[in-house]
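Visitor: One structure, as structure tokens, below. Some questions next.
The values are calculated or read from the model by the stated rules, or taken from the named source; none is laboratory data. Just so we're clear, the structure is a prediction, and the values are computed from it rather than from any experiment. No Cβ is skipped: glycine too gets one built from the backbone with ideal geometry, and neighbour counts run over all protein chains shown.
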Amino acid sequence: MTFTLTSSSFADGAAIPQQFTCDGADRSPQLSWSGVPGAASFVLIMDDPDAPGGTFTHWVLYDIPGTRTELVEGETGVGLAGGNDFRRRGYGGPCPPRGRGAHRYFFRLAALDVASLGLPASAARRDVEAAMRGHVVATATLMGRYERR
């Protein structure tokens, strides 16, 4: 079975609804995964590689228990929220510059062979990625698009 990441909020490659963006409620979308290869924990990173200044990190969530197969819409309190490029913890929805076309938003879920990365809450993406090295069992990706007009 293949490790897959899906959402009931939007289809892979489709538009992300406004409620999950800075123009709406800025709530995290529903995410679910299947085909998990015996993970002890998960790490979720969401970013925008089309941002004018380079890749912009919107969400870092780590130490998600390996027993989980879903994050419900707007859910908090699962795992540890890392810092994002909005300079806050947790989810920060799509918010590209107006009139610059659609940006792609990648949700990448990594299954790990360790239950915890041993990092404090609010860890930076670079620290999470460094701690993950050598522990990734599998990865799954979901991509959505958003454009501000």
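Visitor: If a residue must be within 16 Å of residue 57 (Cα to Cα), more than 14 Å from the chain's Cα centre (by Cα) and charged (D, E, K, R), how many such residues does region 96-144 contain?
Guide: 2
Visitor: List the strands (runs of 3 or more DSSP E) inside region 1-67, counting only whole elements, that have at least 1 residues being more than 24 Å from residue 122 (Cβ to Cβ).
Guide: So the answer is 4-6, 31-34.
Visitor: Going through region 90-149 one residue at a time, which ones are hydrophobic (A, V, I, L, M, F, W, C), in contact with a His (Cβ under 6 Å, 6 or more places away or on another chain) and either in a strand (DSSP E or B) or closer than 25 Å to residue 17 by Cβ (or both)?
Guide: 112
Visitor: In addition: Among the numbered conditions (1) under 18 Å from residue 144 (Cα atoms); (2) at pLDDT 95 or above, tell me where residue 101 comes up short.
Guide: Single failed check for residue 101: (2).
Visitor: Then there's this: Go through region 75-89 and give me each residue that's in a loop (DSSP other than H, G, I, E, B) and in contact with a helix residue (DSSP H, G or I) (Cβ under 9 Å, 6 or more places away or on another chain).
Guide: 82, 84, 85
Visitor: Out of the residues in region 36-64 that are loosely packed, with under 15 Cβ neighbours inside 10 Å and in contact (Cβ under 8 Å) with a residue 40 or more places away in the chain, state the one that is farthest from residue 128 (Cα to Cα).
Guide: 52
Visitor: Please enumerate the residues belonging to region 11-28 that are in contact with a helix residue (DSSP H, G or I) (Cβ under 8 Å, 6 or more places away or on another chain) and touching a residue at least 60 places away in the same chain (Cβ under 8 Å).
Guide: 24, 26, 27, 28
Visitor: Which of the residues belonging to region 65-75 are of a type in the set (S, T, N, Q) and in contact (Cβ under 8 Å) with a residue 24 or more places away in the chain?
Guide: 69
Visitor: Further, regarding this structure: When residues of region 41-64 are filtered for being of a type in the set (Ser, Thr, Tyr) and closer than 16 Å to residue 26 by Cβ, how many remain?
Guide: The total comes to 1.
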